[in-house]
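What follows is one structure encoded as structure tokens, with my remarks underneath.
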Amino acid sequence: MKKLLFAFLALILTTSVFAAGADLEINTPAIASLKASMQARHGQLASHYASGAVGLTRDGLVAMHDANAVPLAQRQGVNGLVSAENGDRNALYREIAVANGHPEWESEVRNTFAQRWVQKAQGGWWYQDAGGGWVKK
Amino acid sequence: MKRIFYAGLLTAIVVLPACVTINIYFPAAAAEKAADKIIDEVWQIKKGEQKPVDQPADQPAQGK
């Protein structure tokens, strides 16, 4: 009977370890380098978020929101920043899903990020609501 | 002895699928935590404040 009790306890312990180990793996070299690249780019993008030129989309990316907020001469450069940022963001969502052994989680990772980017955005920045309309935070 | 074996087997049948279930469903809370950590680093948001360390928002980027 004692043995049975121990077996039970061991099983319960195993289950709680499974449940507690619910942290997502985000410490891979690929994710680290994407983070570094995005962090470096943010120095250039921040002023465009503030001016409203660039906004956060509902699918976890960034997009040109008000091209008129950028002088014509700089527009090309901002477009380049936006597409480079989106490349990194797409890769980041994919890498997180893959690093956790579930590539099919990519869209859920993306949705989670989409909400958190907006949540953490500064006042005055633009983002897309659930219907795709632009809203100023 | 046989009884113990069956009891163990029964427990395994009940508990093991539970472990698998936990791993199949998307861990929404953990994902949110991971997202927050990454966003804080990318936007350089320090704990306790909701603003980036430097505020390039107020001054145009250099060299432009």
Could you tell me which of rounded, prolate or oblate describes the stretch A:18-136, using a ≥ b ≥ c as the square roots of the eigenvalues of the alpha-carbon gyration tensor, with rounded for a/c under 1.5 and, failing that, prolate when a/b is larger than b/c and oblate otherwise? prolate
Amide H proximity to A:Val54 below 5 Å, modelled H, separation 5+ or other chain, gives A:Tyr49, A:His65, A:Asp66
Cα→Cβ-extended label distance, 7 Å offset, between B:Ile24 and A:Gln39, nm: 3.8
Averaged across B:36-46, how many Cβ atoms of other chains sit within 10 Å of each residue's Cβ atom? 6
Across the residues of A:116-128, average count of Cβ atoms on other protein chains within 10 Å? 3
How high is the FRET efficiency between A:Thr28 and B:Val15 when r is their beta carbon distance and R₀ equals 25 Å, given to the nearest 0.05? 0.25
Output field shielding_mean for A:95-101 (other chain Cβ, 10 Å radius) holds 2
Expected sort for A:127-135, A:96-104 on mean C-beta neighbours within 10 Å, highest first, is A:96-104, A:127-135
The stretch A:18-136: antiparallel DSSP beta bridges as a percent of all, rounded to 5: 75
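Computed from the coordinates by the stated procedures, all read-outs in this text should not be read as laboratory data. As the structure is a prediction and not an experimental result, all values here were calculated from the model. FYI the Cβ positions are ideal-geometry reconstructions off the backbone, even for glycines, and counts take in every protein chain you see.
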